[in-house]
Amino acid sequence: MAIRINRVYTRTGDAGETRLVGGASTHKDSLRVEAYGTVDELNSVLGVARAANDEISVGKGVEAARQLGDILEGLQNELFDLGSELATPAGETYPGMITIGEAEVLALEQTIDRCQEDLEDLKSFILPAGGRVAASLHLARTVCRRAERDVLRLHREETASPEVLKYLNRLSDLLFVLARWISHHTGTPEILWEKGLRLGKSDNGEGNA
């Protein structure tokens, strides 16, 4: 389907309303707009991760970075399709419409399993860090969780595909694994959570002068 965009601003949203796929009007703070808006935000964060990943051009992580770039490109395209699905009112369809289904969920699970083979089991929680790419993927993971919550709220009030919820749930798991995976292949240490750690205190609990 050919798409032509020749105007960035239309002024039609100045009153706080927007149009869904098919032309129906809705408020910009509606549950449906909130849901696909958060998916759009997630897609943008993945773009930041891709930009950081593209800078890995030397060292032992180059091949892993290439593979990660391919994975992220695929995810961004799927999220665009997902956003379009969420922007379509319940019961509406259009020619060539793509919907997220069990095949996409299974593909995420297979990627998780493949990456997990390279990783050691966790013995502690890790902090969202591990280099620019990993940190960006952790940020994407948290936005993905928010998108899942937004879609769940939409699902309670209107019709939304349960497969979308499964997809976002599994995607957040994948983003966590990918953050660990790229850290592993670039030799970037993971930072473990230290329960009860207080900066500036010695082992006996007394503050340093």
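Could you say whether any residue in the range 53-64 is modelled with pLDDT under 95, outside any helix (DSSP H, G or I), surrounded by fewer than 19 Cβ atoms within 10 Å (Cβ to Cβ) and at positive phi? The answer is yes; a qualifying residue exists. Selection of the range 151-168 for residues being among the aliphatic types (A, V, I, L, M) and either in a loop (DSSP other than H, G, I, E, B) or within 12 Å of Arg32 (Cα to Cα) (or both) yields Val151, Leu152, Leu154, Ala160. Just to check your reading of the model, which residue among Thr38, Thr10, Thr88, Thr99 is in contact with a helix residue (DSSP H, G or I) (Cβ under 7 Å, 6 or more places away or on another chain) and modelled with pLDDT under 90? Sole residue among the options that is in contact with a helix residue (DSSP H, G or I) (Cβ under 7 Å, 6 or more places away or on another chain) and modelled with pLDDT under 90: Thr99. Of everything in the range 117-137 that is farther than 16 Å from His185 by Cβ and not aliphatic (A, V, I, L, M), the residue that is surrounded by the most Cβ atoms within 10 Å (Cβ to Cβ) is Pro128. Within the range 41-56, restricting attention to residues that are touching a helix residue (DSSP H, G or I) at 6+ places or on another chain (Cβ under 8 Å) and among the small types (Gly, Ala, Ser), the residue that is nearest to Ala160 (Cα to Cα) is Gly47.
This table checks each residue for (1) small (Gly, Ala, Ser); (2) part of a loop (DSSP other than H, G, I, E, B); (3) free of Cβ contacts under 8 Å to residues at least 60 places away in the same chain.
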| site | (1), (2), (3) |
| --- | --- |
| Ile100 | no, yes, no |
| Glu104 | no, no, no |
| Ile112 | no, no, no |
| Leu122 | no, yes, yes |
| Pro128 | no, yes, yes |
| Ala135 | yes, no, yes |
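The values are calculated or read from the model by the stated rules, or taken from the named source; none is laboratory data. Not measured: the values here are computed from a predicted model. Neighbour counts are summed over all protein chains in view; Cβ atoms, including those assigned to glycine, are modelled from backbone coordinates with ideal geometry.
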